[in-house]
Each structure stands twice: as C-alpha cells, then as structure tokens.
Amino acid sequence: GSVIGILGGGQLGRMLSVAASRLGYRTHIYEPGAAPAGDVAHVVTTAPYEDEAALRAFAESVDVITYEFENVPTAALDLLESLRPIRPNRRALAVSQDRLTEKDFLTGIGLTTAPYRNVETEAELPAALAALGAPAILKTRRMGYDGKGQIRFGDKDQRDWTGAPSVLEGFVKFSAEVSVIVARGVDGQVSAFDPGLNVHREGILRTTTVPCGLSQALLTDAVLLAAKIVNALDYVGVMGVELFVTPKGLIVNEIAPRVHNSGHWTQAGCAVDQFEQHIRAVAGLPLGDGQRYADVEMENLIGDDVLRVPELLKQPRTQVHLYGKGAHRPGRKMGHINRLL
Ligand code: ATP
Ligand code: MG
Ligand code: MG
C-alpha cells in the first residue's frame, strides 16, 4: 500500500494518521520535537528540519507529503518537493506562512479582510497607527498561533512592539466568528462542511458549534468565498477559513492550509470527517460527502480541563478525544469532546 508522509506530529498529525490508517495507508511522521502522533503513525522520524539526510530518507519512504503544521522552513520544503509531491502545494504554504502575503492574496482575489498595514520595523508603527486609527491589533507576520505574538492598541498613542516584522490590523467589530472547513481534490472537486460558530477564550479556541446560526445568504457566501480561495490556489487538501461576521458581510480573518481545530466537530457530525477528507484529497481519492447529519458542539480540553475526563466519559451523546500528551499545562490542548446536541 501507499505511504503518506506527514510533516508535524501534533494532535492534527495524529488524527490524520488514524484516518489514513482506516483507509489502508501507512503514515510516516516527521517531527523535530515531541510527537503525540508517534504512537499511531507507522514510522516516526525525529529530526530537525535542517537535517538534509533525514529529510531525504523521509521523502524517499513516502508517496506523497502533507503537513499539519504550516511553518516548515522553506529550505526543507525545497528539498522535499524535489523528491515527492507536497499537497497542499507550496504556494498555499508560502501565502499562509506570512500574514502580509496572505492578506495581499485574499484582497487580490476580491475578498475583504480587516484594513491592514505592513509594519516592517518599530519605526513604521506610528504612521500605521495614524492611518488605521485605534483600536487596532499588531500581529507578527510569521509563526503566531493561539493569539501569541499579538498586541492590542486601545489608543493610537500607545507604544509597544512585537519584536518582529508585523502587520497592523484595524479592529473588526464582529458579531460572531465562524469558520469554513473546505476541501479540494486533485481533480478540482470542492466540498465544504457547514460553517461552525467559534468562541475563543484568552486567544484560544474554546468551542465550535454547528449549526452556527448564520442566515442562509451568509452561509452561502461563506462557502462560496472558501471555494474561491482554494480554487485560486489550485489547492489540494483541507483548509480552514476563519471569518468575522459583520453588518457589512463576511470578513476573512485568516486561512490555515491544513485540517483545523474548528473542524473537529465533523468527527461526530459527518460521514466523512475533515481528517479523512484531507487524506482522501492528498491521496487523490474522490472527496467524501460534506453533509452534516447532526448538531454538534466541540469543546477543547485545555490545560486542566483534562481532569474532567472521568465525568465527561459518563455523559451521553459525547465523544471524548484525547491526544496522548503527557503533562497538562495551562493553555495546552490535551483533547476535545464532541457533544451531539
Ligand atoms: P489561531 O490559533 O486561530 O491561528 P492566531 O494567533 O493566528 O490564532 P488570529 O486568528 O489572527 O490569531 O486572532 C485570534 C483572535 O483574535 C481572533 O479569533 C479574534 O477573536 C481576535 N482578532 C484577531 N484579529 C482581529 C481583528 N482585526 N479585529 C477583531 N478581533 C480580532
Ligand atoms: Mg492563525
Ligand atoms: Mg485564528
């Protein structure tokens, strides 16, 4: 059978590995650090992304390479791409590794983002703040997640700096945050899951609920704009598209070129979940049916939430997913539950 290579051994890689296994594939995970996916993958390489020999051996052992982590260094990707196909493609990665190129791409295809300015150095911040006004949010262009690397500016005379090239975004007064998990196959077929309503706490996704409560018109808009993004990138795989809902319509917050935390509900709500959908796409199989068959609330188990597991296991209509991570620490995603509503 074929082997699917996965860059990144976190919980997303773990759930991709399980889905691949169920479809008869073997997986080889490449992860520089600790790998919660290590116990379910068939082969694991623990080596830095700078280790050319390890990268080469990894690529030569697989048929196709995908990733659960978008910040793989460019040099490693260049080497891997010379040996095996990478899906989703390099352009999708390049666009989404940098918030500035991502926003330029999104606005370039006619979508709306928050107003933004490139702030290459601290010296450029006052002009950007004057242009956009306050409140505003400064975000590092690269590597940020779970709200890390972000500074909120309540007034334009406030001074603070992220320490790295950043973008300043005007603050969007949204009524809700929703996301679309969309997939595109090798043949260009597009399939989207029902948009979910996302609630964050301290910058970290807490819950995703479907249905999300949007009007039919906005639901259609959300799916169409997600399809526009994956088509424009000639994308293959699953993508998470985060949106703000405003009185003027939908604004794209950010895209993630991989399976997404806000798509975990599909494990309980759909015949083919986002992990299987991603494996199907990268393996060149037909996409699954994205239809939703249940109302679901996904809740992340963060830090010592995991202590609730004995209780959660007793709850009816509840799936418990644990990532096999050792110690719980504040802010660490340990698992999630999908509660059928
Ligand atoms: P993720 O873990 O989703 O990758 P991230 O670190 O990339 O997070 P963002 O998604 O950019 O961060 O922002 C985190 C949250 O901060 C958003 O979900 C939203 O609640 C809020 N936020 C971000 N940008 C804006 C904005 N321009 N206006 C208002 N709120 C914002
Ligand atoms: Mg992000
Ligand atoms: Mg986000």
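The values are calculated or read from the model by the stated rules, or taken from the named source; none is laboratory data. Just so we're clear, the structure is a prediction, and the values are computed from it rather than from any experiment. Positions of Cβ are generated from backbone atoms using ideal geometry, with glycine treated the same way; all protein chains shown enter the neighbour counts.
From the list Val259, Val230, Val223, Val236, the lone residue that is out of contact with any Gly (no Cβ under 6 Å at 6 or more places or on another chain), of a type in the set (A, V, I, L, M, F, W, C) and within 16 Å of ligand 1 (Cβ to nearest atom) is Val259.
When Gly263, Gly290 are checked against the criterion of being touching a residue at least 12 places away in the same chain (Cβ under 8 Å), small (Gly, Ala, Ser) and within 15 Å of ligand 2 (Cβ to nearest atom), a single residue qualifies: Gly263. A search for C-beta distances below 6 Å between a residue of segment 141-169 that is over 13 Å from Leu129 (Cα atoms) and any residue that is basic (Lys, Arg) and assigned to a loop (DSSP other than H, G, I, E, B), counting only pairs 6+ apart in sequence or on different chains, returns Pro165/Arg141. Taking every residue in segment 308-331 that is closer than 19 Å to Gly33 by Cβ and in contact (Cβ under 8 Å) with a residue 60 or more places away in the chain and pairing it with any residue that is among the basic types (Lys, Arg) and assigned to a loop (DSSP other than H, G, I, E, B), at least 6 positions away or on another chain, the pairs with Cβ-Cβ distances below 9 Å are Lys325/Arg332. Being in a strand (DSSP E or B) and either in contact with a Ser or Thr (Cβ under 7 Å, 6 or more places away or on another chain) or within 16 Å of ligand 3 (Cβ to nearest atom) (or both) is a property that does not hold for Val172.
Tallying residues that are in contact with a His (Cβ under 8 Å, 6 or more places away or on another chain) and of a type in the set (D, E, K, R) within segment 1-35 yields 1. Would you pick out the residues in segment 126-164 that are part of a loop (DSSP other than H, G, I, E, B), within 29 Å of Ala226 (Cβ to Cβ) and more than 16 Å from ligand 2 (Cβ to nearest atom)? Correct list: Pro135 only. Selection of segment 49-77 for residues being of a type outside the set (A, V, I, L, M, F, W, C) and at pLDDT below 95 yields Glu70, Asn71, Pro73, Thr74. Here segment 141-184 is the region considered, the condition is being farther than 30 Å from Asp234 by Cα and of a type in the set (S, T, N, Q), and the residue that is farthest from ligand 1 (Cβ to nearest atom) is Gln158.
Do you know which residues across segment 105-144 are of a type in the set (Val, Ile, Thr) and buried (at least 16 other Cβ atoms within 10 Å of the Cβ)?
Thr112, Thr113, Val119, Ile137, Thr140
Residues that are of a type outside the set (Phe, Trp, Tyr), touching a Gly at 6+ places or on another chain (Cβ under 8 Å) and surrounded by 17 or more Cβ atoms within 10 Å (Cβ to Cβ) within segment 41-62 comprise Ala41, Val44, Ala59, Val62, listed in sequence order. Whenever a residue of segment 191-218 is buried (at least 20 other Cβ atoms within 10 Å of the Cβ), its partners that are among the aromatic types (Phe, Trp, Tyr) and modelled with pLDDT of 95 or more, lying with C-beta atoms within less than 7 angstrom and at least six residues away or across chains, give the pairs Gly196/Trp265; Thr208/Trp265; Val210/Trp265. Scanning segment 245-279 for residues that are touching a helix residue (DSSP H, G or I) at 6+ places or on another chain (Cβ under 8 Å) and closer than 21 Å to Gly108 by Cα yields a count of 8. Per the conditions (1) surrounded by 14 or more Cβ atoms within 10 Å (Cβ to Cβ); (2) within 20 Å of the chain's Cα centre (by Cα); (3) closer than 28 Å to Lys139 by Cβ, the sole criterion not satisfied by Gly33 is (1).
Taking the listed residues Glu311, Glu299, the one that is away from ligand 1 (no atom under 15 Å from the Cβ), surrounded by 19 or more Cβ atoms within 10 Å (Cβ to Cβ) and more than 15 Å from the chain's Cα centre (by Cα) is Glu299, with no other qualifying. The helices (runs of 4 or more DSSP H) found wholly in segment 1-99 and carrying at least 2 residues that are more than 26 Å from Ala271 (Cβ to Cβ) occupy 52-60, 74-81, 90-97.
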